[in-house]
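Engineer: What follows is a structure written as structure tokens; I'll ask about it next.
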Amino acid sequence: MSMSILLPTNLQQCPSPSFSPSTPLLSPSPSTAFSFVGTSRRCLRLVTCCVSSVQSSVANGSAPAAVIVERDQIRLGLPSKGRMAADSVDLLKDCQLFVKQVNPRQYVAQIPQLPNTEVWFQRPKDIVRKLLSGDLDLGIVGLDTVCEYGQENEDLIIVHEALNFGDCHLSIAIPNYGIFENINSLKELADMPQWSEERPLRVATGFTYLGPKFMEENGIKHVTFSTADGALEAAPAMGIADAILDLVSSGTTLKENNLKEIEGGVVLESQAALVASRRALTDRKGALKTVHEILERLEAHLKADGQFTVVANMRGNNAQEVAERVLSQPSLSGLQGPTISPVYCTQNGKVSIDYYAIVICVPKKALYESVKQLRAVGGSGVLVSPLTYIFDVDTPRWGQLLRNLNL
Ligand SMILES: Nc1ncnc2c1ncn2[C@@H]1O[C@H](COP(=O)(O)OP(=O)(O)OP(=O)(O)O)[C@@H](O)[C@H]1O
Ligand SMILES: O=P(O)(O)OC[C@H]1O[C@H](OP(=O)(O)OP(=O)(O)O)[C@H](O)[C@@H]1O
Ligand SMILES: [Mg+2]
């Protein structure tokens, strides 16, 4: 199915915003060719959203099942540019998966460690669309992009939801001046007497699916949405919108444009995620094996990333006694308790054990506290080194994935 939606290219030319249950949802569907028609891609376009149709679109609304086309290679989509691009390749590199891209304008690449897999560089939103259409099998994108363009489609599976980069949140922001000066929560915003059917709250956002859905879930009735490709923070000062709904990480852009976040206004927390097509995992030969290997490497690396190995020496009569001393401290139990080994010394030609070496893994954040606790129970010569991988018996997310796939 292909759908074209005609939207006015500026607000002056638009009919006055309305909010009626019969207004169709103007939101890109993952399964439809969604074309904005306008003179300039950058200009603001009015999207009048119907909240009740959001609901039905969510309820019914998955794309037609992707067709599994025969091919030999598993396809992994990585962001072709933007803030997620370099970090995605770097993360794979940290997992000893080296993406061989001959030059940055070449959109296909290989990972020699995964010979049945090819990488395709795509814009993040297109990665989600192509997972749904069956043109990609796996992808790395922000959770915000998955939610916005995936629209809860059951064919999308989030295999790893926290790849530890691309952190941001999708949030409503309003001016910190004028009529909004004393408004500090979503409820206060919703209760402002200014909004009516004739004059709804105008929200500028690139998130034309999540925005209306969030407003509906929060019972905000008189609201319209406009959209733009970027620099949304300018919309309130330009008089185009009352509020914006956009991604925030450092908060600098909001601050520089005299905007503030409000309590209850966070739509979602986001970071990079590994996403897969359910049909690819169940129907495409080799896809499940590939995702298992990628997941194992990711989990081993990400688990290790937050930890240090700490080695210290401690005087003691036997390992048991040393263990009791170490375990009396709250931050010294390591991943599965401390490893304690005798340190053999020679004195007057005799081998003796006066010291024990203690090895523990310590969360990076708790390092200094752990060192203090080690010293308090007699630890000396404390050595700290970064951990590269922690391979568990199995990865918890692998079990979750198999259950999700009913395997
Ligand atoms: N401060 C931030 N602003 C926007 N996105 C962020 C931020 N921090 C992390 N991200 C993540 O990066 C992704 C967007 O990256 P970027 O804007 O570079 O790519 P894009 O989707 O191609 O955007 P554009 O349409 O602006 O080109 C977001 O979907 C989000 O997951
Ligand atoms: O909280 P901050 O760290 O300031 O980041 C948030 C800003 O970054 C993104 O914009 P981007 O840089 O992609 O520019 P754009 O809006 O023109 O797309 C986002 O859309 C916000 O505007
Ligand atoms: Mg951007």
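We did not get these values from a lab; they are worked out from the coordinates using the rules stated. Quick caveat, the model's predicted, so the values are computed rather than measured. Note that each Cβ is placed from the backbone with ideal geometry, even for glycine, and that neighbours are counted across all protein chains shown.
Engineer: Which shape class applies to the stretch 114-170: rounded if a/c is under 1.5, otherwise prolate when a/b exceeds b/c and oblate if not, where a ≥ b ≥ c are the square roots of the Cα gyration tensor eigenvalues?
Structural biologist: Oblate.
Engineer: Would you please classify the overall shape of the stretch 134-280 from the alpha carbon gyration tensor, given that a ≥ b ≥ c denote the square roots of the eigenvalues, rounded means a/c under 1.5, and beyond that prolate means a/b larger than b/c while oblate covers the rest?
Structural biologist: prolate
Engineer: Here's a follow-up. List the extent of the Cα atoms of the stretch 82-204 along each of their three principal axes, largest first, rounded to whole Å.
Structural biologist: 62, 27, 26 Å, listed from the longest principal axis down.
Engineer: Oh, and also: Just to check I understand the Karplus step: with θ = phi - 60° and J = 6.51 cos²θ - 1.76 cosθ + 1.60, what whole-Hz values come out for the stretch 337-344, glycine and proline as x?
Structural biologist: Result, rounded to whole Hz: x, x, 8, 10, 10, x, 9, 8.
Engineer: In the stretch 257-314, if every C-alpha pair distance is counted and binned at 10 Å from zero, what percent goes to each bin?
Structural biologist: In order of increasing distance, the bins hold 15, 25, 22, 21, 14, 3 percent.
Engineer: Any of Lys100/Lys303; Lys81/Lys130; Lys303/Lys365; Lys81/Lys289 with alpha carbons more than 19 Å apart? Name them for me.
Structural biologist: In this structure, Lys100/Lys303; Lys81/Lys289 lie more than 19 Å apart at Cα.
Engineer: May I pose another question? Under unit Cβ charges (Lys, Arg +1; Asp, Glu -1), what dipole magnitude, rounded to 20 debye, does the stretch 263-359 have relative to its Cα centre?
Structural biologist: Using Cβ point charges on Lys, Arg, Asp and Glu, the stretch 263-359 gives about 440 debye.
Engineer: Return one quarter of the surface area of the convex hull spanned by the alpha-carbon atoms of the stretch 220-354, equal to its mean projected area, in nm².
Structural biologist: The number I arrive at for the stretch 220-354 is 18.3 nm².
Engineer: Using the Karplus curve 6.51 cos²θ - 1.76 cosθ + 1.60 with θ = phi - 60°, work out ³J(HN,Hα) for each residue of the stretch 218-234 in order, rounded to whole Hz, and write x for Gly and Pro.
Structural biologist: 9, x, 8, 8, 8, 8, 10, 10, 10, 10, 8, 7, x, 6, 5, 4, 7
Engineer: Let me ask something else. Once amide H atoms are placed 1.01 Å from N in the peptide plane, what residues at a sequence separation of 5 or more from Asp242, or on another chain, have their amide H within under 5 Å of its amide H?
Structural biologist: For Asp242, the qualifying residues are Arg202, Val203, Ala204.
Engineer: Hey, got the dipole for the stretch 229-273? About the Cα centre, +1 on K and R Cβ, -1 on D and E Cβ, debye to the nearest 20?
Structural biologist: In debye, rounded to 20, the stretch 229-273 gives about 80.
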